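Report on the following structure.
The values are calculated or read from the model by the stated rules, or taken from the named source; none is laboratory data. Note that the structure is predicted; figures quoted are calculated from it, not measured. All Cβ positions, glycine included, derive from the backbone under ideal geometry; neighbour counts span all protein chains shown. Protein only, heavy atoms only, side chains kept; ligands, DNA and RNA dropped before computing areas. Shrake-Rupley method; radii C 1.70, N 1.55, O 1.52, S 1.80 Å.
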Amino acid sequence: MKENPTAVVISNAPTPEGGLEDLLNQLAFWEQLDAFRQKADKAPADVRVFIKPDMEFYELDSPTGTDPGLVEHLIDLLAERKYINVLIGDSLDDADHWLENRDILILADLVGYQFTTKKGNDYEIVNLSENLIDPSAEKEWTLPDRRLSADWLEADIRINFAKNKTHEEYGYALGLYNLIGVFPKRAKSYHYFHRLSAPSLITELLSLTPVHFTLIDAWTSNHGSQGIRHRKVYDTRTLIGSNDAVLADWVAALKMGADPSISPVNNHALKQRGLPAHYQLRGDLVPYEQWQLPATHVRNSVAHRNQHPTLRHITEMWLQQVDTDFFPFKRVADAKVNQLTTSLFNQIDEQPFSYWGYVGLNYFLGNLHQLLESWRTLYDKDRIFRRETVLGFDPATFRRADFDAIPGYIEPLAQIVRFTPPDRNGLKWRYIDESVLFEYRKILPIPYEAFIDRVPIAEAVFMMYDNIGGKRQPIRYDRRKRILHQAERDLYLPQPNWMVFFGGKPIDVGKIETIRYGKDSQEIFWRMVESANQSARYDDGMVRFGRHDQGTEIVIVARQHFELPLFWKVVNMDFFPQVKDALVSDAYVQFFSRTMAQYEAAYEGRSPYVGSDIKPDYGESGDPDFPMGAEQMRKLLGLFARAMQLIQPAENSGKQGFVRTDEAGYHHFKSGQTDQELTHSAREIIRDFYRAMRKDWAYLSNDQSGQQ
Amino acid sequence: MNFKTVSIIKYPVEVVWVTFRDRFEEIGERVDNVAYIREVDRTRSGDGPLQTNYEWKVDPPLPALIKGYIKPEMLSWNDIALWREEDFQCHWHIVSHYFKDKMNCQGETHFQSAMGGRGCRLTFQGDIVWKEGLSAIAGFMEGPVNRAIEQVLENMIPKNFHKITQATSLLLAAENS
């Protein structure tokens, strides 16, 4: 269906319906649909068409979701050509935890879906959180949450009908962003933005269940710093469509005047899939005049804040502009905080005071999270949440010869380091091309056969110390069903751990691996092929489990070069070689001695992994109380909002402010009860904070002891 | 204070209308924090609309600030409703057992077809007027406590409406499963 990759932009059509018809004609939509039908040998009525609109509505007639009228017009156009087997759907999301009326059918009815079009064509709306099935075994699924709605999986034609809007973290939210609604879980902020990675999930989804057409409703758009939160309508009078999902967004982003790669979701897809070859662009590509994209400060600060799933969830709840007649809050207290905070932050593009207050609040909350994570990284690793990921690269792009060549690359390096004299810690190591090449060797007093039976060599890399998640995907087996080739993605805590205080990133490396099985030894060789967050330049090596008179000898050889945080790049430890050498040696000895302990743990049947698993069913039923003590966060945000209100200049707030400037230019500060309230609240927050953190961990990991 | 809230039940309007009108006691049994809903009276004069009178007693979780000041009578009331079949509208007013003449609360509930005839949209709207201001208690804490009680009562009515619609959905789902 994509022999002719095309993106079409229709601007300034007389009506949205006319624009849609024009768009489909220019896109050769009908010809492509017919070609598919003929290839599948189906009558039009038997072709299952699924339309996934953007249903991110919190108000009626809001420009944050696809216009239901346009979706229904598309259904009418399909029906004219006898394509009457049409479903529309979306899944539940976090808002169902805190607002009423978020069931998909109810939401659809409230925002204007009639279930019967103006021309009398009936259609069904389905909830993509229901009717979940395992996908076809024909394709290689690496998604950790494999089950998706049968309505999506079994559709013959998938049409993604997105809205044209900005996004405070991603810059823009278009077709690819809209696909997060295909995933079924309700607590999306936990499962798809924290436990799993939304950019990877969406890219993988595109590969596994192709989206045949992406249409973007840009008739009325929502722009500004908070395009998914606050109504800021821009009559762009445009419709965009493509038979390639990445291309459609790319063009729509260009029309916004944005660099298409500012969205991590789109950037990932662009890197993994790229734009189609020989595509055509048709229509007016001039950017919208005075379109407001979220400022860099806003995007960065929101990304910083949203690293914590609870902060992401809670700020969504408290900052979202909501029509409470139609979507009342489930809890009165949340309604109150929402009322206060939205009034403060709904005009951040117009009011510098609100803008900087918002950015400051985001950084403040993000820093609280970072402080907590830093503490856990150093002193409380069991409370770090492990991450599940998709592989993030396509192992099929590597030939068998690429895998077979890895030992030939590693073994000479191993030879070099073997003849390197050990340092004071007994570690053999040296620099090669700015990377560290080292060998660590230890004999465990465990019989070899018993050891390799319980510690699979294929998992030797995954079990290394400070691994907090990733993905392994076997590629090739021998006759005894042992893995010979595999692809692997590993996430490690920043190395050395104290780098976390300087903004050190987790190490995220994708590898291809070859395993060799001998009579007296087993070896795994790996070579890095990608680092999704650019945290590593080299991470190649080998682990060998060998038979030894005194038990099992473990040898680890590796070549590593991890990127340093900015601070350490500036300091440049190369000017202090003795200090640097000592730090490197100590860090590696510590790391590998603890890795040995992990192997021993695996042998003894204990968990060889650092961290706790997030419950995979978290947030799926009921209205869970929120981790990290929503009560404490509510106080914190309430305090901040109150302080903002008090010091906000009177002309902005419309009230007497905390600071008043008299005619002579002197500033007068109000005193008394207000200060006491603030002090009291601040004291309360600090006192409760530790308890809140414990609750956070307890909720996600299901450990009741943390709830004391 | 005016209030308006909307809810949808995934059953046809005729089914929901009859369930609301005739089975309120059963619905009440399925609502958290409702001690009971009891039918006191049901009358119809000639061809006029049906009038129902239900007594409510609720037991909601209360903020610590006002817990000690709330008397049981403050949390019970009579819900007197007129049911107009011809346009599926119900006009109601609340008679509080404690505040009696001090509170005037009335409104209407519209039952409309939704979801292409498969559902029923309920629009619940009304207003609460406190005559001469609420004075549940007097003395040192009079201001904040009275304000807090006022807010709790004002929030309770639309909140209960959502709970009632959810309970109705569950009741109908249980019977149709």
Self-check item: Of A:LYS185/B:LYS163; A:LYS52/A:LYS82; B:LYS71/B:LYS102; B:LYS67/B:LYS159; A:LYS481/A:LYS615, those spanning more than 22 Å from alpha-carbon to alpha-carbon
Solution: A:LYS185/B:LYS163; A:LYS481/A:LYS615
Practice problem: For A:HIS297, tell me the accessible area in Å² from a 1.4 Å probe, rounded to the nearest 10. | Solution: 90 Å²
Quiz item: Taking each residue of A:319-328 in turn, how many C-beta atoms of other protein chains fall within 10 Å of its C-beta, and what is the average?
Solution: 3
Exercise. Could you tell me the accessible area of B:GLU25 in Å² (1.4 Å probe, neighbours in place), rounded to the nearest ten?
Key: 80 Å²
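Report the net charge of residues surrounding A:ASP34, where surrounding means a beta-carbon distance below 12 angstrom and charges are Lys +1, Arg +1, Asp -1, Glu -1. Don't jump to the answer; show the numbers that get you there.
Working: positive: A:ARG37, A:LYS39, A:LYS42, A:ARG81, A:LYS82; negative: A:GLU31.
Charge balance near A:ASP34 sits at +4.
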Practice problem: Enter the accessible area of A:ILE180 (Å², nearest 10), with the probe set to 1.4 Å and all protein chains included. | Solution: 20 Å²
Quiz item: Going by accessible area, probe 1.4 Å, with all protein chains left in place, what is the ranking of A:TYR363, A:TYR172, largest first?
Solution: A:TYR363, A:TYR172
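Please identify every one of the GluC sites (Glu not before Pro) in segment A:415-512 that sits in a loop by DSSP and has no more than 10 other beta carbons within 10 Å of its own beta carbon.
Working: sites: A:GLU434, A:GLU439, A:GLU449, A:GLU459, A:GLU488; in loops: A:GLU434.
The qualifying sites are A:GLU434.
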Quiz item: To the nearest 10 degrees, how steep is helix B:142-176 against the longest Cα principal axis of chain B, on a 0 to 90 scale?
Solution: 20 degrees
Quiz item: By its C-alpha gyration tensor, with a ≥ b ≥ c as the square roots of the eigenvalues, how is chain B shaped: rounded for a/c under 1.5, else prolate for a/b larger than b/c, else oblate?
Solution: prolate
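So how do A:HIS313, B:HIS93 rank on accessible area, 1.4 Å probe, biggest first, that is with the largest at the start? Walk me through the numbers on the way to the answer.
Details: A:HIS313 0, B:HIS93 75 Å².
If we order A:HIS313, B:HIS93 from most to least accessible, we get B:HIS93, A:HIS313.
Mind running the shape call on segment A:387-603? Use the C-alpha gyration tensor, a ≥ b ≥ c as the square roots of the eigenvalues: rounded below 1.5 for a/c, prolate if a/b tops b/c, oblate otherwise. Mind showing how you got there, number by number?
Values: a/c = 1.68, a/b = 1.25, b/c = 1.34.
It comes out oblate by the Cα gyration axes.
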Quiz item: Given a Förster radius of 22 Å and the C-beta distance between B:GLN125 and B:ARG84 as r, what FRET efficiency does 1/(1 + (r/R0)^6) yield to the nearest 0.05?
Solution: 0.90
Practice problem: Sticking with the crude label model, points 7 Å out along Cα→Cβ, report the distance from A:ARG424 to A:GLN292 in nm, one decimal please. | Solution: 6.0 nm
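Considering only protein heavy atoms and a 1.4 Å probe, what is the carbon-and-sulfur percentage of the accessible area of segment A:189-259?
Numbers: 670 of 1320 Å².
Carbon and sulfur: 51 percent of the exposed surface of segment A:189-259.
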Quiz item: With all protein chains present and a 1.4 Å probe, how do A:LYS163, A:LYS428, B:LYS71 order by accessible area, largest first?
Solution: B:LYS71, A:LYS428, A:LYS163
Quiz item: From the square roots a ≥ b ≥ c of the eigenvalues of the alpha-carbon gyration tensor of segment A:6-291, which class results: rounded (a/c under 1.5), prolate (a/b over b/c), or oblate?
Solution: rounded
Quiz item: Going through segment A:387-432, which chymotrypsin sites (Phe, Trp or Tyr not before Pro) have at most 14 other Cβ atoms within 10 Å and a DSSP loop state?
Solution: A:PHE419
Self-check item: trypsin sites (Lys or Arg not before Pro) within segment A:461-556, DSSP loop, no more than 12 other Cβ atoms inside 10 Å
Solution: A:ARG479, A:ARG480, A:LYS481, A:LYS519
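Counting only other chains, and only Cβ atoms inside 10 Å, what mean value do you get across the residues of A:99-108?
Numbers: counts 0, 11, 6, 0, 3, 0, 6, 9, 1, 3.
Partner-chain Cβ atoms within 10 Å, mean over residues of A:99-108: 4.
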